[in-house]
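Participant: For reference, the structure I am asking about is given below.
Where a number appears in this text, it was derived from the coordinates with a stated rule and is not lab data. Nothing here was measured: the structure is a model prediction, and the numbers come from that model. Counting neighbours? That spans all protein chains shown, and the Cβs are built from the backbone with ideal geometry, glycine included.
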Amino acid sequence: MSAPSNSFQPDSTDLDRLHSAVKREKEDLQTGREPAPVLAMFLAMIVAVIAGGQLGTMTGGYSFGTSNPFGFVAGQDPRPGGGDDVVAMDPFQSAMKKGANSYAVCGGCHQGTGNGIPGQFPPLAGSEWVTGGTERLVRVLQHGLIGAITVKGQGYNIPGGMQPFGAAMSAGDLANVLTYIRNSWGNEAPMITKEMVEKVRSTEKRTAQWTMPDLEQYAKANVPGDIPAGPGATASAAATPAAK
Ligand code: HEC
């Protein structure tokens, strides 16, 4: 019997070789603990971004405009959602608020002060065009205005005049911005309603920009219709007749 041959004779080189084989292997995967596929992580990210955006837009019916403490009558629960008796903004206040936003469209020319730019853009503050007949004012915005005009005794005649806004703005937006300019910078005049703008729109045949002489017939006339709130309100007149 020959002595058992032992061909395996570990030395430092062999140890390295043996260990390198072990180290090359990855840990066995345990069921349920496999790494998530990259695609799944990517999809989760997309879902998180979209869902986050959705959450951001869902207010649960909360709006600062109607739920803020200042909207409550004094003495009532001032906490948001603390009662059903939130005082809704009246139509005039609401028109003024929306109109102020829409006025951004006009402010570039007529300026935030409503004073316009002398020699170029006529003023809206103190303008008889603004606080005068609503038949004329609505038409000016609906179809624009061109040629020589006078505002507060000053002549204006800018080439191209003012563009029409009838196509660009809804009847409601137009009504709100007109209510806003009629009640800003010291102006005070009854609100113009969406119904009034619609009334002018539905009967108006003109398509060209207006000129001052063509509008003369409307200078003092008012579009008929109820004025729900604000200066000159008529809507509640039947309920509470003015004292004679
Ligand atoms: C690009 C400049 C420009 C913009 C924007 C503009 N306007 Fe004018 N607006 C004019 C000019 C110019 C005239 C005078 C036209 C003329 O000379 O015939 C005028 C005239 C008027 C008038 C009659 C004159 C007066 O001063 O009372 C009213 C009212 C008016 N604009 C309201 C508005 C409102 C409201 C908006 C916004 C929805 C608006 N304008 C946007 C340039 C502009």
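Participant: Restricting to the range 144-173, count the residues that are surrounded by 17 or more Cβ atoms within 10 Å (Cβ to Cβ) and under 18 Å from residue 206 (Cα atoms).
Facilitator: Matching residues across the range 144-173 total 10.
Participant: Based on what the data block shows, is residue 138 near the ligand (Cβ under 9 Å from one of its atoms) and not hydroxyl-bearing (Ser, Thr, Tyr)? Break it down stepwise before answering.
Facilitator: On the way: near the ligand (Cβ under 9 Å from one of its atoms): no; not hydroxyl-bearing (Ser, Thr, Tyr): yes.
For residue 138, the condition - near the ligand (Cβ under 9 Å from one of its atoms) and not hydroxyl-bearing (Ser, Thr, Tyr) - is not met.
Participant: So which residues in the range 153-174 are under 11 Å from residue 120 (Cα atoms) and more than 10 Å from the ligand (Cβ to nearest atom), if there are any at all?
Facilitator: Within the range 153-174, no residue meets the criteria.
Participant: Report, ordered by the first and then the second residue, all pairs with beta carbons closer than 7 Å, sequence separation of six or more or different chains, a first member in the range 93-104 that is within 15 Å of residue 141 (Cβ to Cβ), and a second member that is among the acidic types (Asp, Glu) and surrounded by 15 or more Cβ atoms within 10 Å (Cβ to Cβ).
Facilitator: Hits for this filter: 102/173.
Participant: So, in the range 96-136, of the ones that are under 20 Å from residue 218 (Cα atoms) and surrounded by fewer than 16 Cβ atoms within 10 Å (Cβ to Cβ), which residue ends up nearest to the chain's Cα centre (by Cα)?
Facilitator: Top of the filtered list is 126.
Participant: When residues of the range 127-167 are filtered for being closer than 25 Å to residue 228 by Cβ and of a type outside the set (Lys, Arg), how many remain? Full working, then the answer.
Facilitator: Kept after step one, since they are closer than 25 Å to residue 228 by Cβ, are these residues of the range 127-167: 127-142, 165-166.
Right, trim to of a type outside the set (Lys, Arg) and you get 127-135, 137-138, 140-142, 165-166.
Matching residues across the range 127-167 total 16.
Participant: Taking the range 105-130 on its own, how many of its residues are more than 10 Å from the ligand (Cβ to nearest atom), touching a residue at least 40 places away in the same chain (Cβ under 8 Å) and on the phi > 0 side of the Ramachandran plot?
Facilitator: Residues flagged as more than 10 Å from the ligand (Cβ to nearest atom), touching a residue at least 40 places away in the same chain (Cβ under 8 Å) and on the phi > 0 side of the Ramachandran plot within the range 105-130 amount to 0.
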